[in-house]
Structure formats: structure tokens, C-alpha cells
Amino acid sequence: MPFRSMVRDLRESFGNISRRKFEVRIYHRGKSLGSSSDLQDGPMVIQQSRWASLPPELLRDVMKRLEEDESSWPSRKDVVSCASVCTTWRDVCKDIVRSPEICAKLTFPVSLKQPGPRDGVIQCFIKRDKSKLTYRLYLCLSSAVLDENGKFLLAARRSRRTTHTDYAISMDSKNFSRSSAGYIGKLRSNFLGTKFVIYDTQPPFNAGRLCSQERPPSRRLSSRKVSPKVPVGSYPIGQVNYELNVLGTRGPRRMQCTMHSIPESAVEPGGVVPGQPKELLPRLFDESFRSTATSFSKYSIADSSMDLSSCRYSECGGGNPQGGDAADKERPLVLRNKAPRWHEQLQCWCLNFRGRVTVASVKNLQLIASVPPAASAGASAQPQASVPSSTSSHDTVILQFGKVARDIFTMDYRYPLSAFQAFAICLTSFDTKLACE
Amino acid sequence: MASAGSGDEKAATVTLISSDNEHFEVPEAVATLSQTIRHMIEDGCTDGGVPLPNVTGRILAKVLEYCNKHAAASDKDELEKFDKAFVDIDDQATLFDLVMAANYLDIRGMLDLTCQTIADMIKGKSVEEIRETFNIKNDFTPEEEAEIRRENQWAFDD
């Protein structure tokens, strides 16, 4: 065909001309050759993928510049776009982007399940929509407390059942169904709203121990035999309990949060949160995911209809009293709400929210780590410096939640909690029925 | 040919030879903006000219335009203006060649400029637009595609 030979000739010649900023491609394999007006712009050359031969260090240089320039949302979506172009670009982007623990920035959806920053907090807000029974979590884009400008992070929808209430948590603001690609976990409360369990679709580092005691062995499945109809993983990663304090309803309620997926050692110097996900895994196990299913380590799927009252959570998370040092290190992290002080003049309970919470509400809370005093005489084998008091080094507020307007609440979180965990914990504060006069 | 010595009447020069055999006689002060050439001059292997098989005459001319300007001018604003015009090219193949030449010749300023220009070209574009601009093939598996779709939907969700 004459056009083919013409194109071949043009390939030989130097340089090509683009229209605007885009290279116009003309495929010579049967696809339409474009209108004649294309040809009038000048000689067109089939673009070899020259950019694909850009040396990796240059690609990296370009990506790094982009990532540094687009450090906040909404322009940070450019980083996600770059990671979606091809496998090479994706590898470079994923390598460049640091986890929120280090850079205090949320980039890819997996950031939602990675611990927050060690230095500083990530500031978010939650918008409640009572008519739709939904709650939406947004990343604050400015420091103004009442600025409704935010980057959407997660959404939850409440469904009340006879014996319990469920909150489905999704990264898709419109789709909460368990079968949707956006579903990433849920919260379940008991009838009174005094006990809650947080479920993650992805296994934590101690998944085997977490679930093995709760399920009858017959339902255990090895990863190689995942059938298409198996429901998504549902791992209980945390438990939240509310109770009245000694003053009954005349004082603020007490809240305790046991994070089974975070060992107590995570908040000690040098501690880390093990088992962090590298990707937000695809939800559904069907034929096309067989190849990824085999890369999971063996896990067991918890029955999400477990009866809360019969859960023996003290046995979960590797807390084996005879385990010795190893078990101690893996004791689940417990968070408690910081006790407010009674302010005699203002006649109210006060916490210092540093301007991030402006409306008094029983829902407002600050969570700190509750770490027991250093090992007693019996287990003194490890050369640990003894901490003078249990809370002296753990006064950092890990999660702060509180009201700023009728349906708007701020949520600030930091290491070792992730945005997903923090959001789930805050949802419990909405639901619990324990009142305070 | 590099003239040894006095430097009063004629500054030392070096001859650069492009891949298509174009010869450019360039003052050393200008050529040494390229670390690659600087090292060669220091090592004394520039007699008879420096062959640059990776750079065509057309691109080398542009590179030297940059080097001439940056070796001479000292006014920051003037240089900024020049740089902006320098990379204001519609033709991406030239931009690609320039970044490759800057990398090969190790010209820090030009490398920064061209890499930043490429980064700026990417900003604000959709995934498809980026692929089109750089003619990059989508080589993800269907599973990866589904994951990426989910990621993008979230990133663009208001």
C-alpha cells in the first residue's frame, strides 16, 4: 500500500511533528488512517515508544519531582495517575512514595490501612448524614476547623439489626455492599452499643491466632483451595468497650479499645506495627484472582456472624499467659480515653483539644496508649529499662475526635493507628448509647 | 584543537563531533558545563575532537545554545526567561532528545530543567492522556487493571 511505504520513508527521516502537545498516532495495521487534514499538518511518523526507553534514573527523577510538587490533595491524584500508566511507572511511583508513618501524607488507598505519622497527626473530619445513615471521612485540606473542603477517604453506612448494628466501611462513597470493590471492613456493635468489634478484610500479622479459636475447624480453608463462593476475609482486628465510670451517668463514660492487630510493643521505642498491607487487596475471590490467592500465607476466614457475647477476646492476639517474653511483646495494644478534668468554674468536664474540637459533646474523646508498668520480678530476663509510671511515656494522644458543628466532627490520628482503624473507633462513639448528664 | 597557554587572544576551545559528523568548535568554558566533557578535557583526551555518538548535530546545537547562555549570562532573571523559552517546544521528540543528551553529557542545570518540564507536562493529565502523550503501552494484567481502576476512582472521588 502506498501509504505504508510513505510511512516507512518518513520513519527514516528525522524528527516528527506533533499537533498541540500530543503525538498523533497513525496505526498502519488496518486501523483508520485518519482524515486528510491530519496529513496536511506535515509528515507524520509512527512514534516508536521512545519514552519507554527513558533510563530508569531519569524516570525516577521526573517522578520524584512530580511527587514533591503535588504534595497535597487534590493535585496529589497526579501521583496515582502516574502509577496507573504502566508497570514500570507504577514500580517507580510505589517505590518513591513513602508510607504515611514517615511522610504524614496519604497517597494510595493502601495509605488508609497503614499507620499514621510518628511525628505529628493527620487531620481529618467526619461528616454525618443522618437521613442517609452515612458517615464520610475526609482529609482536611486546610487548617481551618470548619472548612468543609476535604479529600474523600472513607465512608460508612449504618444498618440496624435486631440484635446488633453494622457499619459497612468502604472507600467508595456510593457503594457499601460487601460485594463491591470498595468494601474494606466493618464495625459491629452489640444491641446496647457497649461492645464493638472492628473487622478488616485483610489479615493482620497474627491472623491465624486471632481467628483459629473462634471457628469450627471444618470451615478452615487453605489458600490454595479458595472456592469462588467463599466470602471475603473478615478479621476481627479490634474491640471497643464502653462503660460508665464510677460516677455513673454523672461522669464521662470510659472507653477502652483493644487493638488485636497492633502489638503493645509498637508504641515502645523502636517498635513497629507488623503485617502492614502493601496493597488494598481486591475484595472478591473469583477465578481471576487464583494467582494472587496463592501468594497469601495460609489464613483462616472468621465467621462474621459470631456471637459477640461468646467471644473470648482475651484469648485472641497471642496473649498466652504461659508464652513468656514473646507473648508479652505481642500483647495487643490497649487504648483508653483520657480522663477529662472537672473544671470547677465552668462546671463541666474538660479536655484540651487544642482548638480542634469546639462543641461540647459526650462523643468527644482523646485516646492514649494504656501500657502496664514494666515487667515484674518474675520475668526480668529481658534487659528493659523500667518505666517509672505506666503512662509517663504514653501521654501522646493517638486519636482525637470531637464535634465542631452539628454534623461535622474532627478526627486527628497518628501512629500506630491507621485511618481505617481510627474511623471505625470514632464510629463507635456515635453509636454508643451510654449517656452522660 | 585546544590551544595551550597564553589565553590572551584565543581562549582554549574543544571540538565536539556529533553522531552525524557535524563539528562544533566550542570554548572550553562553555563546553565544561558538561561534566562529561570536563572530565575528558582534564584527562587530556580531547585532541582531534570529542566524538559524541549519542547526540545528533541538531540536538548538540541546542545543547550548546544552552551552555553558551549559561556560561555567559549571570543575571538570574535573564537566565530564567531563557530557560522558559528553551523548553517551550511543541515537539516532544526534541524534549526527549534533550533530556537524554543532558543526562549523557551530565549537564546538571539542563537536566533539572528538562526533567522538571516533563514532570510539568504530566500534571493534571488523566491516565489515558499521559499514555497518549508519551506513547506508553498499558501492560497491566486484567487483575491489576481492576485494582488500578479502584485506586483511580478513589483518588478522583470528591
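Considering segment A:105-157, and only residues there that are within 29 Å of residue A:188 (Cβ to Cβ) and of a type in the set (S, T, N, Q), the residue that is surrounded by the most Cβ atoms within 10 Å (Cβ to Cβ) turns out to be A:111. In segment B:125-150, of all residues being under 25 Å from residue A:280 (Cα atoms) and assigned to a loop (DSSP other than H, G, I, E, B), the one that is farthest from the other protein chains (Cβ to nearest Cβ) corresponds to B:141.
Reported count of residues in segment A:50-66, each being more than 7 Å from every other protein chain (Cβ to nearest Cβ) and in a helix (DSSP H, G or I), is 7. The selection criterion, being buried (at least 20 other Cβ atoms within 10 Å of the Cβ) and of a type in the set (Asp, Glu), does not hold for residue B:75. The residue of segment A:158-176 that is nearest to the other protein chains (Cβ to nearest Cβ), among those that are surrounded by 21 or more Cβ atoms within 10 Å (Cβ to Cβ) and assigned to a strand (DSSP E or B), is A:170. Here segment A:177-187 is the region considered, the condition is being surrounded by fewer than 18 Cβ atoms within 10 Å (Cβ to Cβ) and in contact (Cβ under 8 Å) with a residue 24 or more places away in the chain, and the residue that is farthest from the other protein chains (Cβ to nearest Cβ) is A:178.
Conditions (1) hydrophobic (A, V, I, L, M, F, W, C); (2) under 15 Å from the mean Cα position of the chain (by Cα); (3) under 30 Å from residue A:56 (Cα atoms); (4) outside the structural domain of residue A:267 (by the TED database), marked per residue:
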{"residue": "A:111", "(1), (2), (3), (4)": "no, yes, yes, no"}
{"residue": "A:121", "(1), (2), (3), (4)": "yes, yes, no, no"}
{"residue": "A:127", "(1), (2), (3), (4)": "no, no, no, no"}
{"residue": "A:130", "(1), (2), (3), (4)": "no, no, no, no"}
{"residue": "A:133", "(1), (2), (3), (4)": "yes, no, no, no"}
{"residue": "A:139", "(1), (2), (3), (4)": "yes, yes, no, no"}
{"residue": "A:144", "(1), (2), (3), (4)": "yes, no, no, no"}
{"residue": "A:148", "(1), (2), (3), (4)": "no, no, no, no"}
{"residue": "A:153", "(1), (2), (3), (4)": "yes, yes, no, no"}
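I'd like to check something: does segment B:59-66 contain any residue that is part of a loop (DSSP other than H, G, I, E, B), at pLDDT 95 or above and surrounded by 15 or more Cβ atoms within 10 Å (Cβ to Cβ)? No, the conditions are met nowhere in segment B:59-66.
The combined condition, being modelled with pLDDT of 95 or more, facing another protein chain (nearest Cβ under 7 Å) and in a helix (DSSP H, G or I), is fulfilled by residue B:119. Of all the listed residues (B:126, B:74), the sole one being among the small types (Gly, Ala, Ser) and closer than 30 Å to residue A:137 by Cβ is B:126.
Residue by residue, here is whether (1) β-branched (Val, Ile, Thr); (2) at pLDDT below 95 holds:
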| position | (1), (2) |
| --- | --- |
| A:4 | no, yes |
| A:13 | no, yes |
| A:26 | yes, yes |
| A:36 | no, yes |
| A:39 | no, yes |
| A:48 | no, yes |
| A:64 | no, no |
| A:81 | no, no |
| A:93 | no, no |
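In summary, residue A:106 fulfils each of the numbered conditions (1) under 30 Å from residue B:132 (Cα atoms); (2) at pLDDT below 95 with the single exception of condition (2). Screening residue B:102 with (1) of a type outside the set (Phe, Trp, Tyr); (2) part of a helix (DSSP H, G or I); (3) at pLDDT below 95 gives one miss only, at (3).
The values are calculated or read from the model by the stated rules, or taken from the named source; none is laboratory data. Keep in mind that what you see is a predicted model, and the values were worked out from it rather than measured. Because the Cβ atoms are built from the backbone with ideal geometry, glycine has one as well, and the counts that use them run over all protein chains shown.
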